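Notes for the one structure printed next.
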Amino acid sequence: MNEVTMDAHNPGFALTPEQQRTLEQLPGTATCGQALRWLDVVIDGDLDPQRLQVAFDTQLAQQPMLLARLAKVPGFHGLRQAAVGATRFPLTVQSGEQRAEEVQAQIQESMGRAFVVGESESVQAVLYRLAPRQWRLVLGIARSSADAQSLNLLLEHIQQTYAGVQAEEDEAPGEFAQYLEWRSEVVLDEDAASARAYWRQHLQGMQADIATPWLAARSTSGETGAADSHVSLSLEPAQREALHNLAEQLGQPLATVLQGAWWVLLGRLSGLEQALVGVRHDCRDDYEYFANAVGVFEKTLPLCVSLPATASFSEWLDELAARLEAHRTWQEYWAPDLAPEAAGPAYGFTLGQASASGNSGGLNWAASESVHVPADPFELLMQVQLNERHATLNLHYASSRYSSASANAVLEQYGVLLASILAAPHRALAQLSLLSRAQEQRLLAINPPMQALADGRYLPQRIADLATHTPDAIALTDAHLQLSYGQLQARVDSMALGLKHQGVGAGSIVALALPRSAELVIAMLASWRLGAAYLPLDVQWPQARQALMLEQAGAALLLTDAAHLPAWQDQPYKALTAAQLSQSPAPLPALATQGHDIAYVLFTSGSTGVPKGVVIEHRQLRNYTAQASQALGLAQCKNVGFSSTVAADLGNTTLFGGLFNGATLHVASDEQMQDGALFAQYLQQQQIDCLKIVPSHLAALLDSEQATLPRTLVLGGEPIAAPLIERIARLRSDCRVFNHYGPTEATVGVMIHPLSLHGAVDDCSALTQVLGNNQVYVLDADLRVAPVGMLGEVYLGGAQLCRGYLNAQADEQAFIQSPFDPAQRLYRSGDLARYRVDGAIQLHGRRDQQVKVRGFRIELAEIEAELLRLPQVAEALVLPAASTEQGLLAFVVAQQGLSAGLLDVVRAELSARLPSVMVPQRLQLIEQFPRLANGKIDRKALQQWADVAADDQDAAPRDALEQLLAARMAQLLGLERLGIDRDFFAAGGHSLLVIKLVAGIRKLLQCDIHPGLVFDHPTVASLALALRAVESSPGQLEKIAQVRLRMDAMSPEEKALLTEQARQMQAAKAAQGS
């Protein structure tokens, strides 16, 4: 091969932006397989290798840039390119016959060789003989010298030349070198400024990371890379013809119709109405002179496409076509530096050309796919190949990001969308169907068929029967009491007599303001014994809120404990302790629970500022308990923990699941659920083998050296963080972990998912099994089943749907007539979700302002309503913090002249009216809300303000102990630092963070500390003082803190050296001792 010299007199050509991007995308240690573009052809017939060589030489003479060399030239920026000036194409012929396996091995070895830009050969061509009349041609050309279509054109020209078909003199194709020279002049002409302005204006504000219409199936944990796999779909000739006719009817090329459908699909699946995508465009289609040239003519043109939901497809397509025409006009002026953040769209569309397979020159040429060709430069690319009769859709995807199943699902949806466009081309974009009838049936199949329960007894009767059949089996324990099933029933009957004497009967509601205890469970069952319902109240709640619930529910009686009874003495409610219940001489009526009897009433947060009372009947509770027992395998659990709040139904899984199955229910104390060490003791001493708990609460309790876990663990109430599952796997590899989902309105829960301890991150929010006799649907805004991958809202129906709310007006907003059965209701949960390819449901946050905090469902609007009731507050907004542990943020604008001391007043007022979990951890006073251009509050800016405000400027630590405590508190609060006089709770702390703080102090300072010490001494300064007051040796904690801080400041190498020195000292002592 002749060498060409590039210098100042013969500098060659600059690389085009497309060529530069191709080189930039190569890995640091590229192989020939990655750096070259490959063509693999099997040739059948009496091939003449010498004649084939002449055909290649002829093409090289017409397209000399086929053999291009890249090099740096003094005085010029970057690499330059020039033809090497060779007359013979480097075709290697291996005329001896070889087996296909041997040939494939040689090809793989060749593709695996290292490729060095500017040094390695830019072309590899080998002709292998497979049989006397069969050959295999493998051709590789540097990606910086040829695009995908160039290989197809080259093969077509080789076939024609081999067959003796000669081009006319005036038909000689243009050369890539001519295009390079012309383009270098065009980009500097009088239109260049207008062209640059066009691209900047079109892409203004576009950023690939947020404007790409990401699919839900995209893995966030995979490595970014170009598409390396593909799936295909061939359109039937009739559908191809129908699309062609539609394109003519709409006055657009078929390729534009197909491209538009692809953008519509991506927009629908992602929910974006404006998206950044890429069009892979071949400018040979625009310049007839270069139509047959070989080189890099394909460009990725970034396209900002608007996808208004209400626009008709036909009208929208006209706008798309006009935009594509403008792109073609200014294509040569596009360069990534005009809009760097939009220069690399991840999703694209291209119109591909089929390889020139077929008979020519007495030979049969068949292009093969055995050599992989990556798709430039997208991670998801729709390639459409068209000919006169057929259309093939190839979806190229990055296997590190998408599964083959998800890619097939997208391709199937594309086919359904095309059929929908054919049926109604003037329909609005949002109304075009992505879901076939067969696909819809597959998604609905997640709901099991309705089936009567084998055991028709309601829970009160089942528990009573256990007292008869297994009276000596232990039923219930707490810190002060242990009862067998026989004893439990006796205590239930005794309390029921006392309640009856107070006028409680069938249909009554008994309010229970009792701590979690055996007595609470007895009171619940005693209410049921009379046909009454219970209303659980949290004794930690402000009394005003408890009174509001009593009034709404019309409770006949309030049962509380002696400690809280005095607070109710002057209230207009009948309040007693269990000890004050006098016995009625009249006998108890026979137990006759009916399915429509109310079992309990639970209040959830309400958007109007008034909590909503959810009415659950016994038939709903029976179905839940029976179905959850079966799905979770609760029958195998013998010692069940009851550890959740009584004021939410999260704990009902174990509370009633344990009693339903005749297990022992162990009630945990508040102290045991606030201290990691005590929690571990509780699990071990009671041999707990099943627990239901909120994920963040469990994570806090496991931050302990004694951490342990039960065999069966049910998580619910909030999203599960992947690190928690990793922690569980390390602690107990055989732990059965379930994600359990469902709102109070559907009786505790309707879906579960057994979590793999070594599964993907997405597994934590997946739900795969619907409990029997329930229905779960993900529906769009028009109450149609949402296609796979598209965000919709979760609607629930079936046997566990509650009777409704105490306030019937609230029912109208939450319950709808089922679109599948007009005789049935559905509950609109407000939870957003998507169907996955495997039929599972993936949760994705909330539709409204409702959030889950430590298992409690909270309406942010209710907190805002309470803030706005304060006369000093003009405006208020509440947002969830960055993490579950950090709780809520409240922003307050004061009435004019009333800002002094406002935050203290606000916190005190909210604490008096709302449960602690609803009081924002951080309150911030601002002059006015930042607003977006449309006038809406800029919530993102508020979040950033909060982060800045959290950068505390209070007094700095004065010694090592204070420095250690301040650092630990700030870390838990998500702050950079914390002043020593700032209140831990006012800065955002709460009980779960106290658990973590105490565990950390124990580990760091090697001292015993009770959580109560933090509640009593909530600042760094006061806590340090309290710790010093109880240390065994004065100054000991300060010395330990100093050592800890020195160790924290060490580099990893210094720590390793210190560890090794300690090991050597221990070894030396051991040697001396022996």
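Among the residues of region 1022-1033, are any exposed (fewer than 12 other Cβ atoms within 10 Å of the Cβ) and polar (S, T, N, Q)?
Yes: one or more hits.
Check whether at least one residue in region 477-485 is assigned to a helix (DSSP H, G or I) and within 24 Å of Leu659 (Cα to Cα), and report yes or no.
Yes - at least one qualifying residue is present in region 477-485.
Evaluate region 442-451: report whether one residue or more is crowded, with 16+ Cβ neighbours inside 10 Å, over 31 Å from the mean Cα position of the chain (by Cα) and touching a residue at least 40 places away in the same chain (Cβ under 8 Å).
Among the residues of region 442-451, not one is crowded, with 16+ Cβ neighbours inside 10 Å, over 31 Å from the mean Cα position of the chain (by Cα) and touching a residue at least 40 places away in the same chain (Cβ under 8 Å), which makes the answer no.
For region 441-479, name all the residues that are in contact with an Asp or Glu (Cβ under 9 Å, 6 or more places away or on another chain) and over 29 Å from Gly772 (Cα atoms).
Listed by number, the residues that qualify are Asp478, Ala479.
Under the condition of being surrounded by fewer than 18 Cβ atoms within 10 Å (Cβ to Cβ) and within 46 Å of the chain's Cα centre (by Cα), which residue from region 73-96 is farthest from Arg133 (Cα to Cα)?
Applying the filter and picking the extreme gives His77.
Whether any residue in region 638-647 is surrounded by fewer than 23 Cβ atoms within 10 Å (Cβ to Cβ), of a type outside the set (Ser, Thr, Tyr) and either under 29 Å from Ser494 (Cβ atoms) or in the same structural domain as Ala999 (by TED's automatic domain parsing) (or both) is what I want to check.
Yes, region 638-647 contains at least one residue that is surrounded by fewer than 23 Cβ atoms within 10 Å (Cβ to Cβ), of a type outside the set (Ser, Thr, Tyr) and either under 29 Å from Ser494 (Cβ atoms) or in the same structural domain as Ala999 (by TED's automatic domain parsing) (or both).
Being of a type in the set (A, V, I, L, M, F, W, C), part of a helix (DSSP H, G or I), closer than 28 Å to Trp182 by Cβ and touching a residue at least 24 places away in the same chain (Cβ under 8 Å) is true for just one of Leu39, Leu23. Which residue is that?
Matching residue, one of Leu39, Leu23: Leu23.
Regarding region 269-277, can at least one residue be identified that is within 17 Å of Val416 (Cα to Cα), surrounded by 18 or more Cβ atoms within 10 Å (Cβ to Cβ) and not polar (S, T, N, Q)?
Yes, the conditions are met somewhere in region 269-277.
Mind checking which strands (runs of 3 or more DSSP E) fall wholly inside region 573-639 and carry at least 1 residues that are in contact with a His (Cβ under 8 Å, 6 or more places away or on another chain) and among the charged types (D, E, K, R)? Quick ask: steps written out before the conclusion?
Numbers: elements: 575-577, 598-604, 612-617.
Qualifying strands (runs of 3 or more DSSP E): 612-617.
Give me the residue from region 985-1040 that is of a type in the set (D, E, K, R) and either within 25 Å of Gln540 (Cβ to Cβ) or in a helix (DSSP H, G or I) (or both) and, out of that set, nearest to the chain's Cα centre (by Cα).
Checked region 985-1040; the qualifying residue nearest to the chain's Cα centre (by Cα) is Lys996.
Residues in region 384-411 that are closer than 27 Å to Ala242 by Cα and either over 21 Å from the mean Cα position of the chain (by Cα) or in a loop (DSSP other than H, G, I, E, B) (or both): how many?
14
Does region 771-794 include one or more residues that are surrounded by fewer than 17 Cβ atoms within 10 Å (Cβ to Cβ), among the aliphatic types (A, V, I, L, M) and under 22 Å from Thr654 (Cβ atoms)?
No, there is no match, as no residue in region 771-794 is surrounded by fewer than 17 Cβ atoms within 10 Å (Cβ to Cβ), among the aliphatic types (A, V, I, L, M) and under 22 Å from Thr654 (Cβ atoms).
Show the residue pairs that are 6+ apart or on different chains and have beta-carbon atoms under 8 Å apart, the first residue being within region 567-585 and surrounded by 14 or more Cβ atoms within 10 Å (Cβ to Cβ), the second being outside any loop (DSSP other than H, G, I, E, B) and basic (Lys, Arg).
Listed by first residue and then by second, the contacts come to Ser584/Lys500.
In region 800-842, how many are surrounded by 22 or more Cβ atoms within 10 Å (Cβ to Cβ) and of a type in the set (A, V, I, L, M)?
4
Go through region 285-314 and count every residue that is assigned to a helix (DSSP H, G or I) and touching a residue at least 12 places away in the same chain (Cβ under 8 Å).
Looking only at region 285-314, we keep the residues that are assigned to a helix (DSSP H, G or I), and these are 285, 288-290, 313-314.
Checking which are touching a residue at least 12 places away in the same chain (Cβ under 8 Å) leaves us with 289-290, 313-314.
Residues flagged as assigned to a helix (DSSP H, G or I) and touching a residue at least 12 places away in the same chain (Cβ under 8 Å) within region 285-314 amount to 4.
Basic (Lys, Arg), in contact (Cβ under 8 Å) with a residue 40 or more places away in the chain and within 23 Å of Thr310 (Cα to Cα) - does that describe any residue in region 231-242?
Of region 231-242, the ones basic (Lys, Arg) are 240.
If we keep only those that are in contact (Cβ under 8 Å) with a residue 40 or more places away in the chain too, we end up with 240.
Next, from what is left, pick out any that are within 23 Å of Thr310 (Cα to Cα): none.
Scanning region 231-242 turns up no residue that is basic (Lys, Arg), in contact (Cβ under 8 Å) with a residue 40 or more places away in the chain and within 23 Å of Thr310 (Cα to Cα).
Quick check on region 919-967: of everything there that is modelled with pLDDT of 80 or more and basic (Lys, Arg), which residue is farthest from Ala881 (Cα to Cα)?
Across region 919-967, the extreme among qualifying residues is Arg958.
Can you tell me which residue within region 542-571, out of those that are modelled with pLDDT of 90 or more and acidic (Asp, Glu), is farthest from the chain's Cα centre (by Cα)?
Among them, the one singled out is Asp561.
The values are calculated or read from the model by the stated rules, or taken from the named source; none is laboratory data. If you're wondering where the values come from, they're calculated on a predicted model, not measured in any experiment. For neighbour counting, all protein chains shown are included, and Cβ atoms are generated from backbone atoms with ideal geometry for every residue, glycine included.
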